[in-house]
Amino acid sequence: MASEINVIDARGESEPFSLEKVHRSVIKSGGSRQLAEKVGKEIEALIYPGIKTKEIFRAVKSILKKESVETSMRFSLRDGIRTLGPAGFGFEKYASEIFSDHGYAVKTNEWLKGKCIDYETDILIEKDDVLLIAECKYKNKPGEKVDVGVCLKVFASFLDIKNGGRLKEKEIKPMVVTNAKFKAITYGKCQGMELLGWNYPQDNGLERLIESKNLYPVTVLPSFKGYFMDIFASECIMTVKDVLEMDIEKFSQRVKISGAQLKSLKAEAELLVND
């Protein structure tokens, strides 16, 4: 039975295969229960003892691509963010666009004076007279988490900025933003820190902010090629909404990508956003 098969997770640890996890991931990506069960049956037929979860992920994605392209794109969200890379697009740029679309005033790479030293911040996020001093922690490997060490460093920097006395007119809070999960929730809560990561806060994590405004990264689009990365970054096209606003003819002439390729991207973006 599939339920008795052990698989190898992203940390290299053995765990029982969970058919319910497969069902849940498809449904969370917008698929129907019927589609989830169909995918589950196909996955049960191909798994074997010791298979890696990343292989299961690729298999689910492949099945979804044949059954429902829009569901496969949503399913690819987490992997698509990892594909953004630390250079080019930059997770800080992507995160700042997410906050901006949600109505926050955003500044990036600003310097703040502390009592002891000055600090270059990743993102300053302001809304309702609260200023969040956010540190972005991008993780590109499955299973990686943000640990207490990161939060200790962020909180220490925050205290120095607060003790510098330059922001007395505002309520300020430290924040960590990541595309991964946290191993530091207890510490963060204790210190009054704002934490935003994958499925944290529960049911209102980073993925929910993305999905609620259709801020999927362009890397989830099946027709997106790796060599587009630097070109799109230089043009500040990071999300599928940016693709929808693109003037294909002008963009094609400017960056030397064929109109046919750009039309494919735009069609996929429309399918994802309008589904």
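Asp160 sits with roughly 20 Å² accessible to a 1.4 Å probe, with DNA, RNA and ligands left out of the calculation. The magnitude of the dipole of the stretch 47-108, with charges of +1 and -1 set on the Cβ of Lys/Arg and Asp/Glu and taken from the Cα centre, is near 260 debye. Label-to-label distance for Lys113 and Ile5 is 6.3 nm, based on points extended 7 Å past Cα in the beta-carbon direction. DSSP beta bridges confined to the chain are antiparallel in about 55 percent of cases.
Counting only lysines at least 8 places from Lys107 when in the same chain, those with an alpha carbon closer than 19 Å to its own are Lys93, Lys127, Lys137, Lys162, Lys168, Lys170, Lys173. About its Cα centre, the dipole of the stretch 1-141 is roughly 480 debye, where the only charges are +1 on Lys and Arg Cβ and -1 on Asp and Glu Cβ. Of the whole protein surface, Thr108 contributes about 60 Å² of accessible area at a 1.4 Å probe radius. Per residue of the chain, what 222 nm ellipticity follows from adding -39500 (n - 2.57) for every DSSP H run with n ≥ 4, rounded to the nearest 500? One gets -14000 deg cm²/dmol as the mean residue ellipticity at 222 nm. Glu4 sits with roughly 140 Å² accessible to a 1.4 Å probe, with DNA, RNA and ligands left out of the calculation.
Spacing of the modelled spin labels on Lys250 and Asn140, each 7 Å from Cα toward Cβ, amounts to 3.2 nm.
State the Cα centre-to-centre distance between the stretch 220-262 and the stretch 1-69 in whole Å. Using only Cα atoms, the two centres lie 32 Å from each other.
The residues Lys137, Lys113, sorted by heavy-atom accessible surface at 1.4 Å with ligands and nucleic acids left out, run Lys113, Lys137 from largest to smallest.
The mean sequence distance of close C-alpha pairs (under 8 Å, at least 6 residues apart), as a share of the length of the stretch 139-275, puts its relative contact order at 17 percent. Look at the dipole of the stretch 209-275 built from charges on Cβ: of Leu272, Ser212, Ile231, the Cα furthest out on the positive end belongs to Ile231.
Accessible area per residue (1.4 Å probe, heavy atoms of protein chains only) ranks Ile248, Ile63 as Ile248, Ile63, with the largest value leading.
If a helix is a whole DSSP H run, which ones in the chain reach 18 Å or further along their own axis (Cα) and hold a mean Kyte-Doolittle hydropathy of at least 0.0?
Span-like helices, by this rule, are 148-164, 259-274.
Taken over the chain, the alpha-carbon convex hull comes to 143 cubic angstrom per residue.
In debye, nearest 20, what is the charge dipole magnitude of the stretch 111-247 about its Cα centre with +1 on Lys and Arg Cβ and -1 on Asp and Glu Cβ, if you could check?
Magnitude of the dipole: close to 640 debye.
Applying 1/(1 + (r/R0)^6) with R0 = 45 Å to the Cβ-Cβ distance of Arg24 and Glu169 gives a FRET efficiency near 0.45. Of the residues Glu44, Glu268, Glu207, ranked by 1.4 Å probe accessible area with the largest first, the sequence reads Glu44, Glu268, Glu207.
The values are calculated or read from the model by the stated rules, or taken from the named source; none is laboratory data. Treat the numbers as computed from the prediction; the structure is a model and nothing was measured. Every residue, glycine among them, receives a Cβ derived from its backbone with ideal geometry; neighbour counts consider all protein chains shown. Please note that ligands, DNA and RNA were not included when accessible areas were found on the heavy atoms of the full protein model with its side chains. Shrake-Rupley method; radii C 1.70, N 1.55, O 1.52, S 1.80 Å.
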